[in-house]
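K.L.:
Once you've had a glance at the structure underneath, I'll fire off some questions.
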Amino acid sequence: MKNYSSSLQIPTHPNRTLIPEEEKEEQNNPQPAHDNDPEEKPRPEWDFSLSTVISSPNSATDAIGVIEFDQSENLLATGGIARRIRIYSVQKSLTSPENGGGGGAAGENRVTFLDHAAACEYYICTPAKLSSLKWKPGSGSRVIGSGDYDGVVMEYDLEKQVPIFERDEHGGRRVCSMDYSNSDPVLGASGSDDGTLQMWDPRCEGGDSIASIQPNRVVSSPVCCVEFNPFGQPIIAVGCADKKIYGYDVRRMVDPVFIFEGHQKSVTYTRFLDSQTMVSSSVDGCLMMWNTEDQSLIRTYRGHVNNRRFVGLSVWRKGGLLSCGSENNRVFVYDKRWGDPIWVRGFEHVGQTRCDRGFVSGVCWRQMEEERCTLVAGSSDGVLQVFEGQRKVPM
């Protein structure tokens with residue numbers, strides 16, 4: 001552990017979006033059946049519309065890999081290959097006054113177009129490309145943590161706009177994901193291409209890891225995602241390139257308390273929907289919902305295209321909606337009750353001409369009202385688009 005205050009050197013790194021080599025080949029893979037009633041179709045209960053587009057002339061070299069709202073839901077942070085953490089104010093940049101901050105029927109809202117330089121409150125330069133961002137609980141939205149391609153976890157004081165903490169325990173291998181526990185004391189964890197989960201407690205003298213776990217004990221398999229259960233249970237979920245999801249009790253990090261098997265390729269994201277329900281994403285092109293109590297598969301979601309890259313996953317807990325990106329450059333929204341998408345929107349290029357269509361590389365819901373919602377999506381072209389939704393009034 002270091003108290004970090006020296007100047008930062010900027011190395012070069014590969015593209016964050018690629019999955020480990022062993023996952024690049026097969027596209028036709030068997031999928032587990034989901035339990036949806038084939039007679040029941042998703043009901044159109046929501047209207048979504050595009051509210052704001054944020055881009056810049058050099059967006060094509062500024063792929064957005066991660067998007068995170070803070071605990072107050074008033075600030076948004078983004079990171080990616082441009083080695084910058086950008087901070088946006090929701091009220092000033094992401095919510096258009098003409099739209100009333102809510103959203104209406106598709107096509108009713110006026111779209112606001114902004115430049116990144118004008119839209120973001122400020123940005124912090126980082127020493128490497130970023131793969132993960134998390135706001136630190138209990139910091140009053142002052143501290144944000146990041147995982148990067150150098151295998152380093154950093155914390156930044158946003159008020160002073162300086163790095164204040166560094167962990168380098170992954171041997172220079174990319175940190176794919178990092179997270180904080182919401183419990184007291186605040187625990188931190190990171191997963192890496194080195195095949196390990198590292199966990200630390202800031203109270204520990206010297207800052208050494210309190211646990212170093214290799215989920216796959218037979219073959220070192222990259223850890224693609226880590227997430228603490230945010231509802232009070234002492235559980236951390238770990239998704240790996242070996243197609244499995246491991247759950248550990250943070251009080252005794254020896255053996256997993258559950259292992260979920262069902263995905264056919266690397267598990268790229270896990271998100272807790274409630275205290276005993278978790279959603280996972282994989283480059284097998286599907287999402288899966290799991291019950292962590294009886295360790296059963298509840299439902300499988302299909303429609304988006306994902307066979308190679310990190311495309312994001314976010315859950316809106318109050319509304320029961322899921323969202324992910326897609327390699328066909330579209331944003332997908334699923335209702336947790338149905339396996340087919342309820343809304344799909346193409347991600348148009350803004351002021352750019354490219355042969356490569358790009359892909360939607362990150363999504364994040366704003367966890368606010370129950371009748372209105374805000375979804376922010378980022379692309380490999382460095383463009384942010386803000387969508388606002390409103391629940392339809394029953395006839």
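K.L.:
Hey, which of these cross-link pairs are over 25 Å Cα-Cα: K318/K392; K134/K244; K244/K318; K41/K134; K265/K392?
P.N.:
In this structure, K244/K318; K41/K134; K265/K392 lie more than 25 Å apart at Cα.
K.L.:
How far apart, in nm, are the 7 Å Cα→Cβ label points at V393 and Q214?
P.N.:
Distance between label points: 6.2 nm.
K.L.:
Would you mind checking which residues have amide H under 5 Å from D284's amide H? H placed 1.01 Å from N; only 5 or more apart, or other chain.
P.N.:
Long-range HN contacts for D284: Q264, K265.
K.L.:
Let me ask you something else. Once fully extended, how much extra length lies between E369 and F231, figured as 0.36 nm per residue of separation less the alpha-carbon to alpha-carbon distance?
P.N.:
On the way: separation 138, 0.36 × 138 = 49.68 nm, distance 1.86 nm.
Full-extension gain reported as 47.8 nm.
K.L.:
In the range 125-227, with Lys and Arg counted as +1 and Asp and Glu as -1 at Cβ, which of these residues, C125, P163, G138, has the Cα nearest the positive end of the dipole, that is, farthest along it?
P.N.:
Of the candidates, C125 comes out farthest on the positive side.
K.L.:
Where Rh is the Kirkwood radius over the Cα pairs of the range 46-391, the temperature 4 °C and the viscosity 1.567 mPa s, what D in µm²/s does Stokes-Einstein return?
P.N.:
Taking Rh from Cα pairs, D becomes 65 µm²/s.
K.L.:
Also, quick follow-up: Using only Cα atoms, locate the centre of the range 133-151 and the centre of the range 179-256, then give the distance between them in Å, rounded to an integer.
P.N.:
Computed from Cα coordinates, the inter-centre distance equals 16 Å.
K.L.:
Another one. What's the FRET efficiency of V344 with Q161 using the Cβ-Cβ distance as r and R₀ = 41 Å, to the nearest 0.05?
P.N.:
Values: r = 38 Å, r/R0 = 0.93.
Efficiency at R0 = 41 Å is approximately 0.60.
K.L.:
Could you tell me the relative contact order of the range 46-391? Use alpha-carbon pairs under 8 Å, at least six residues apart, and round to a whole percent. Each step should come with its number before you reach the end.
P.N.:
On the way: 1001 pairs, mean separation 56.3, N = 346.
Rounded, it is 16 percent for the range 46-391.
K.L.:
Round to the nearest 0.05 the FRET efficiency obtained for Q295 and S72 when R0 = 30 Å and r is the Cβ-Cβ distance.
P.N.:
On the way: r = 34 Å, r/R0 = 1.15.
FRET efficiency, Q295 to S72: 0.30.
K.L.:
Another question, then. What FRET efficiency do you get for R251 and S89 if R0 is 45 Å and r is their Cβ-Cβ distance, rounded to the nearest 0.05? Please report the intermediate quantities before stating the final value.
P.N.:
On the way: r = 38 Å, r/R0 = 0.85.
Efficiency, from the Cβ-Cβ distance: 0.70.
None of the figures in this text is laboratory data; all of them are computed from the coordinates on show. Keep in mind that what you see is a predicted model, and the values were worked out from it rather than measured. Neighbour counts run over all protein chains shown; Cβ positions are idealised from the backbone, glycine included.
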